[in-house]
Amino acid sequence: MSNHKKPFIKTGPPGPEAIEWVTRDEKVISQSYTRAYPLVVEKGEGVYIEDVDGNRYLDFTSGIAVTSTGHCHPAVVERIVNQSKRLIHMSGTDFYYSSEIKLAERLNEITPGEHSKKVFFTNSGTESNEAAMKLARYHAKKPYFISFYGGFYGRTMGALSLTASKDVHKRGFAPFVPGVIHVPYAYCYRCPYNMRMDECDYYCVRWIKEELFRTTVPSDEVAAIFIEPIQGEGGYIVPPDGYLKRMEKLAREFDILLIVDEIQSGMGRTGKMFACEYEGVVPDIITIAKGIASGMPLGAMVASSSVMTWERGSHGNTFGGNPIACEAALATLELLIDGLIENARDIGAYVISKLNEIKARHPMIGDVRGKGLMIGIELVREGEKKERAKDERGAIIKGCFKRGLLLLGCGQNVIRLMPPLILTKEDADIALTILEESIDEVEKVAGGRS
Ligand code: PLP
């Protein structure tokens, strides 16, 4: 679809129209939004975005890992249009409609495990985790949750209490929901215990059992472990093989619910429908949002039927499982299964191998990691011990924007690549060329300084 296109910068960026919109925005829109650079979007098609000044960009953000099938995929658009002519809203909390039921059936089929499951629909990731917290407390009747440093679970009060990614997310908002215990994640590039992977025997998992449960939190009072199979916002941190399986074993040993947050890593992004499938892990609850409906706001919490024991009326919402969003999700699922997951796996492996070649030429790249099209590049300062290249990260992302490539950061010094899963090799090569040019430029400036 996108083969004939290329990034094209006509004016700016930002051009005059964009500057005008940004000025208006600043007067009326909450300043809490992050806004990495002044991209004012006019339209999107496939892996390309056009701004209000007619500049064209390759989109390696997918609207924060959402537009899995590319912008405005015709099959998704058709389903949205058709459904919007029949029914826009009725509320799944009080009534029934077929698209919501069909989607729940499909989600139960595609989520790990052959057992019986049930779905609760939401409008976002944070709400999916909020629902999971409530269900876990309700079902287990225990007070504690375990979540992870670097973890990002959302920004509403419950999910924010699990989140431990950046202080700015939490400053000014305490007190949080009580009962959340944060523990270190398997960030082997910067091991929190200063150990080496080949000799630690998953110390970060063992520590929970040997230290945390022994000293601080009785294991029989823990309702659930909330874990991302790959940490997203915290820095695209890929734990070593076997880590998630160990965590599952720990949960089973102590009768703790395993809640896997696949909000960013799910829906094909990593080259499997869900990232936890790489480890053969079967969660008690799986939380989903982002890529599920190609950009329509939708989330889901899928729980084992034996866990979903809450009573009628105990949880609900007005908009969750909107029929248009459900139809978009059904279309998205078809596209994912018909080739996009495979494409994410193949093109992702290609991009990672090319990035490793680029890494060999650029001392600023400390680590390249990822699965499928969920890829992180950790930037460090040359000659110093993995010192985080935070400013350089920002400069590289801005340099890419000026050249027609849209990127976002995560963690303190990581660039994340999360393009739509329709990405072709040709577009990947264009993006990598722009990225390397931008790294070159920033390295020259940094070199000039030292
Ligand atoms: N969980 C993970 C892993 C995420 O990456 C995010 C968002 O970035 C969320 C939860 C929260 O999702 P939302 O922003 O839709 O509330």
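The values are calculated or read from the model by the stated rules, or taken from the named source; none is laboratory data. Remember, predicted model here, so these are calculated numbers, not experimental data. FYI the Cβ positions are ideal-geometry reconstructions off the backbone, even for glycines, and counts take in every protein chain you see. Please note that ligands, DNA and RNA were not included when accessible areas were found on the heavy atoms of the full protein model with its side chains. Shrake-Rupley method; radii C 1.70, N 1.55, O 1.52, S 1.80 Å.
Summary table
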{"item": "Residue in region 303-310 that is within 16 Å of the ligand (Cβ to nearest atom), farther than 25 Å from ASP201 by Cβ and either part of a loop (DSSP other than H, G, I, E, B) or under 21 Å from the mean Cα position of the chain (by Cα) (or both) present", "result": "no"}
{"item": "Test for HIS139: is it open to solvent by less than 40 Å² (accessible area, probe 1.4 Å), in a helix (DSSP H, G or I), over 26 Å from ALA329 (Cα atoms) and in the same structural domain as PHE226 (by TED's automatic domain parsing)", "result": "no"}
{"item": "Residue count, region 207-221 (criterion: out of contact with any strand residue (DSSP E or B) (no Cβ under 8 Å at 6 or more places or on another chain), open to solvent by 30 Å² or more (accessible area, probe 1.4 Å) and within 21 Å of VAL281 (Cβ to Cβ))", "result": "1"}
{"item": "Top-ranked residue of region 346-382 - restricted to ones that are under 20 Å from GLU233 (Cα atoms) and among the charged types (D, E, K, R), ranked as nearest to the chain's Cα centre (by Cα)", "result": "LYS371"}
{"item": "Residue that is part of a strand (DSSP E or B) and either surrounded by 15 or more Cβ atoms within 10 Å (Cβ to Cβ) or of a type outside the set (Val, Ile, Thr) (or both), where the choices are ALA186, ALA174, ALA224", "result": "ALA224"}
{"item": "Given (1) away from the ligand (no atom under 16 Å from the Cβ); (2) open to solvent by less than 30 Å² (accessible area, probe 1.4 Å); (3) of a type in the set (Gly, Ala, Ser), index of the condition GLY125 fails", "result": "(1)"}
{"item": "Candidates VAL28, VAL52, VAL47, filtered to the one that is in contact (Cβ under 8 Å) with a residue 60 or more places away in the chain and either assigned by TED's automatic domain parsing to the domain that holds LEU373 or more than 30 Å from GLU262 (Cα to Cα) (or both)", "result": "VAL47"}
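Let's see how each residue does on (1) away from the ligand (no atom under 16 Å from the Cβ); (2) out of contact with any Lys or Arg (no Cβ under 6 Å at 6 or more places or on another chain); (3) open to solvent by 30 Å² or more (accessible area, probe 1.4 Å); (4) closer than 23 Å to PHE148 by Cβ:
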| position | (1), (2), (3), (4) |
| --- | --- |
| GLU262 | no, yes, no, yes |
| VAL282 | yes, yes, yes, yes |
| ILE288 | no, yes, no, yes |
| PRO297 | no, yes, yes, no |
